[in-house]
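Trainee: This is the structure I want to talk about, given as structure tokens.
The values are calculated or read from the model by the stated rules, or taken from the named source; none is laboratory data. Remember, predicted model here, so these are calculated numbers, not experimental data. Positions of Cβ are generated from backbone atoms using ideal geometry, with glycine treated the same way; all protein chains shown enter the neighbour counts.
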């Protein structure tokens with residue numbers, strides 16, 4: 001058996017891992033740079049050479065969260081065969097997230113609430129929200145809904161509400177409740193007439 005060399009994560013990777021853990025668990029404003037540096041085991045210069053500022057670190061943290069979450073949603077949706085099931089499967093994927101013992105709500109909502117308007121954090125949050133709405137719209141289009149934008153807006157409200165309820169009420173079944181409401185809304189939505 002050959003010896004495999006284990007590569008230590010780069011300073012950037014360690015900083016992002018520390019930021020992800022601490023920011024998500026405790027909040028962006030609560031956690032200072034010194035805590036992240038200590039938790040990551042890097043020098044302060046490493047943080048600033050990789051990110052330039054705390055705001056840019058928060059932006060990078062949110063971008064990583066977005067990439068990981070969108071990958072998880074896309075992977076979960078491969079389990080569903082029909083367009084209707086794929087659309088409702090978004091809520092099943094949320095439910096899987098809600099049962100994670102480390103679940104602490106929406107990282108974007110928390111960071112946005114603490115960030116000044118117009119900065120990098122608000123931009124990263126908007127990119128995530130646009131992605132979620134676009135995903136729901138595309139799924140509604142696949143399901144031949146007559147007004148996919150309107151349905152996506154309704155489902156996005158359920159998506160946000162389920163996430164908030166799961167966090168505030170510590171209720172992972174919020175995804176199941178939101179899925180049932182989404183099914184009722186979808187089933188009532190006018191569909192495109194087939195020729």
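Trainee: For segment 49-67, give me each residue that is in a helix (DSSP H, G or I), without any contact (Cβ under 8 Å) to a residue 12 or more places away in the chain and in contact with a helix residue (DSSP H, G or I) (Cβ under 9 Å, 6 or more places away or on another chain). Outline the logic, then answer.
Mentor: Of all residues in segment 49-67, those in a helix (DSSP H, G or I) come to 49-51, 54-67.
Still in the list and also without any contact (Cβ under 8 Å) to a residue 12 or more places away in the chain: 49, 67.
Across segment 49-67, the qualifying residue is only 49.
Trainee: Further question: Only one of these conditions is not met by residue 100: (1) touching a helix residue (DSSP H, G or I) at 6+ places or on another chain (Cβ under 8 Å); (2) not in a helix (DSSP H, G or I). Which number is it?
Mentor: Answer for residue 100: the failing condition is (1).
Trainee: Taking the criterion of being outside any helix (DSSP H, G or I), in contact (Cβ under 8 Å) with a residue 60 or more places away in the chain and outside the structural domain of residue 21 (by TED's automatic domain parsing), would at least one residue in segment 133-155 satisfy it?
Mentor: Yes, because at least one residue in segment 133-155 is outside any helix (DSSP H, G or I), in contact (Cβ under 8 Å) with a residue 60 or more places away in the chain and outside the structural domain of residue 21 (by TED's automatic domain parsing).
Trainee: Also, I was wondering about something else. Is it true that residue 94 is touching a helix residue (DSSP H, G or I) at 6+ places or on another chain (Cβ under 7 Å), under 18 Å from residue 24 (Cβ atoms) and either modelled with pLDDT of 95 or more or crowded, with 19+ Cβ neighbours inside 10 Å (or both)?
Mentor: On the way: touching a helix residue (DSSP H, G or I) at 6+ places or on another chain (Cβ under 7 Å): yes; under 18 Å from residue 24 (Cβ atoms): yes; either modelled with pLDDT of 95 or more or crowded, with 19+ Cβ neighbours inside 10 Å (or both): yes.
So residue 94 passes the test.
Trainee: Moving on to the next point. Could you pull out the residue among 144, 130 that is farther than 11 Å from residue 182 by Cβ and in contact with a strand residue (DSSP E or B) (Cβ under 8 Å, 6 or more places away or on another chain)?
Mentor: It is 144.
Trainee: Restricting attention to segment 160-169, does a residue exist that is under 23 Å from residue 72 (Cα atoms), surrounded by 15 or more Cβ atoms within 10 Å (Cβ to Cβ), touching a strand residue (DSSP E or B) at 6+ places or on another chain (Cβ under 6 Å) and in the same structural domain as residue 82 (by TED's automatic domain parsing)?
Mentor: No; the residues of segment 160-169 include none that is under 23 Å from residue 72 (Cα atoms), surrounded by 15 or more Cβ atoms within 10 Å (Cβ to Cβ), touching a strand residue (DSSP E or B) at 6+ places or on another chain (Cβ under 6 Å) and in the same structural domain as residue 82 (by TED's automatic domain parsing).
Trainee: Same structure, new question: Within segment 109-118, can one find any residue that is under 30 Å from residue 143 (Cα atoms) and either touching a residue at least 40 places away in the same chain (Cβ under 8 Å) or part of a helix (DSSP H, G or I) (or both)? Show your work before the answer.
Mentor: Our first condition is that a residue be under 30 Å from residue 143 (Cα atoms); within segment 109-118, this holds for 109.
Okay, now just the ones that are also either touching a residue at least 40 places away in the same chain (Cβ under 8 Å) or part of a helix (DSSP H, G or I) (or both), so 109.
Yes: one or more hits.
Trainee: Here's something else I'd like to know. Going by what's in this entry, would residue 114 be described as modelled with pLDDT of 95 or more and under 20 Å from the mean Cα position of the chain (by Cα)?
Mentor: no
Trainee: So, residue 130, is that one assigned to a helix (DSSP H, G or I), without any contact (Cβ under 8 Å) to a residue 12 or more places away in the chain and assigned by TED's automatic domain parsing to the domain that holds residue 184 or not?
Mentor: It is true that residue 130 is assigned to a helix (DSSP H, G or I), without any contact (Cβ under 8 Å) to a residue 12 or more places away in the chain and assigned by TED's automatic domain parsing to the domain that holds residue 184.
Trainee: Name the residue, out of 124, 166, that is more than 22 Å from residue 56 (Cα to Cα) and not in a loop (DSSP other than H, G, I, E, B). Talk me through it step by step, then tell me what you get.
Mentor: Details: 124 fails: more than 22 Å from residue 56 (Cα to Cα).
Residue meeting the stated conditions: 166.
Trainee: From the list 25, 4, 79, which residue is part of a loop (DSSP other than H, G, I, E, B), exposed (fewer than 14 other Cβ atoms within 10 Å of the Cβ) and outside the structural domain of residue 163 (by TED's automatic domain parsing)?
Mentor: Of the residues listed, the single one that is part of a loop (DSSP other than H, G, I, E, B), exposed (fewer than 14 other Cβ atoms within 10 Å of the Cβ) and outside the structural domain of residue 163 (by TED's automatic domain parsing) is 4.
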